[in-house]
Amino acid sequence: MAPPDRLRTVTREGLTLDVRDTGPVDGPPVLLLHGFPQDGTAYDDVAPLLAAAGHRVLVPDQRGYSPGARPAELRAYVLRRLVDDVVAVLDAAGVERAHVVGHDWGGTVAWAVASRRAPRVSALTVLSTPHPAAMRDALWRGQARRSAYILGFQLPRRPERRLLADDGARLRQMLGGSGLDAAHADRYVRRMSEPALPGGPGRMTWGALTAALAWYRALRVRDGFGAGRVRVPTTFLHGTADPFFAPAAVEATGRYVVGPYRSVALDAGHWLPETRADDVAAAVLATPSADASA
């Protein structure tokens with residue numbers, strides 16, 4: 001049972017996000033954001049390294065992934081709402097500023113938090129995911145081909161049926177084929193297989209995979225909220241063998257960071273939190289905070 005001073009859940013807009021809270025409560029806070037189709041356990045090997053270095057480590061299961069936060073409305077998954085969830089976690093933890101770390105979709109959220117909610121961010125470490133504007137710049141330089149799977153995710157119901165058929169064999173194959181080990185793939189397939197549940201009086205929820213795919217489907221909802229230029233100290237850690245992001249997008253990312261910036265390439269694929277935990281922790285610990293560099 002978690003100590004009473006530990007954050008375990010955050011409730012916002014009638015949704016409940018599950019949170020892992022480890023390390024010294026008074027240590028410099030680090031917030032770790034997962035992507036698709038992960039959950040906070042993606043950082044199970046990273047969080048202890050940061051906690052051992054004296055940091056308070058907050059790891060939420062984000063909207064769509066926490067069982068109590070899977071609303072059945074596409075607009076609920078626009079980037080603005082995801083960013084506001086991050087701020088809600090910081091508020092609930094009593095944290096004014098945190099080092100924000102994000103991987104995959106969590107990286108997109110991290111870029112947006114650092115640019116749109118800069119006073120709440122002391123430093124930024126992004127894993128794998130180029131800045132969204134850099135990805136746009138690189139669309140016709142290789143990124144469109146690497147992002148083509150997103151078009152398939154826009155179809156209603158068919159991706160869920162296909163990915164979860166035969167006990168999630170297709171999803172497991174997709175994850176393994178992109179370099180994720182079997183143990184993590186099995187864990188994520190189990191989470192994505194969780195069914196829809198009643199969401200309270202007059203409300204329904206989506207199943208886990210539909211809620212996770214809503215992040216992609218919400219891209220077509222006009223929200224007017226993207227990621228701007230980042231002014232806090234930033235490290236971009238990326239794998240040279242990542243199948244999802246074009247080298248042109250990786251190279252263009254530095255144009256959108258005004259503050260101190262470091263781009264670190266690893267001989268690795270996409271799943272850095274799970275496969276390169278030591279390198280991830282080292283990158284986080286080596287990124288100075290805005291407070292220290294002020």
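Remarks
- Remark: GLY14 matches the filter, which requires a residue to be surrounded by fewer than 20 Cβ atoms within 10 Å (Cβ to Cβ), modelled with pLDDT under 95 and not charged (D, E, K, R).
- Residue check, ASP279 farther than 30 Å from ALA72 by Cα, modelled with pLDDT under 95 and charged (D, E, K, R): no
- Note on the range 240-260: residues that are crowded, with 18+ Cβ neighbours inside 10 Å and free of Cβ contacts under 8 Å to residues at least 40 places away in the same chain amount to 0.
- Qualifying residue in the range 207-228 (condition: within 19 Å of the chain's Cα centre (by Cα), surrounded by fewer than 18 Cβ atoms within 10 Å (Cβ to Cβ) and farther than 30 Å from GLU160 by Cβ): yes
- Hits in the range 166-189 (condition: surrounded by 15 or more Cβ atoms within 10 Å (Cβ to Cβ) and on the phi > 0 side of the Ramachandran plot): GLY168, GLY179
- Scanning the range 122-145 for residues that are among the aliphatic types (A, V, I, L, M) and within 27 Å of VAL284 (Cβ to Cβ) yields ALA123, LEU124, VAL126, LEU127, ALA133, ALA134, MET135, ALA138.
- In the set PRO48, PRO24, PRO28, only one residue is farther than 20 Å from GLY94 by Cβ and modelled with pLDDT of 95 or more; that residue is PRO48.
- Condition broken by ASP279, with the remaining ones in (1) acidic (Asp, Glu); (2) loosely packed, with under 13 Cβ neighbours inside 10 Å; (3) closer than 28 Å to PRO119 by Cα satisfied: (2)
- Per-region count, the range 190-206, residues surrounded by 18 or more Cβ atoms within 10 Å (Cβ to Cβ) and over 17 Å from the mean Cα position of the chain (by Cα): 2
- Counting only residues that are part of a helix (DSSP H, G or I) and over 19 Å from the mean Cα position of the chain (by Cα), the range 137-167 holds 19 of them.
- Taken across the range 52-61, residues that are surrounded by fewer than 22 Cβ atoms within 10 Å (Cβ to Cβ), of a type outside the set (Phe, Trp, Tyr) and free of Cβ contacts under 8 Å to residues at least 40 places away in the same chain do occur, with at least one present.
- Selection of the range 132-144 for residues being farther than 11 Å from PHE245 by Cα, out of contact with any Gly (no Cβ under 8 Å at 6 or more places or on another chain) and touching a residue at least 12 places away in the same chain (Cβ under 8 Å) yields only ASP137.
The values are calculated or read from the model by the stated rules, or taken from the named source; none is laboratory data. Model, not experiment: these values are computed from the prediction. Positions of Cβ are backbone-derived with ideal geometry, glycine not excepted, and every protein chain shown enters the neighbour counts.
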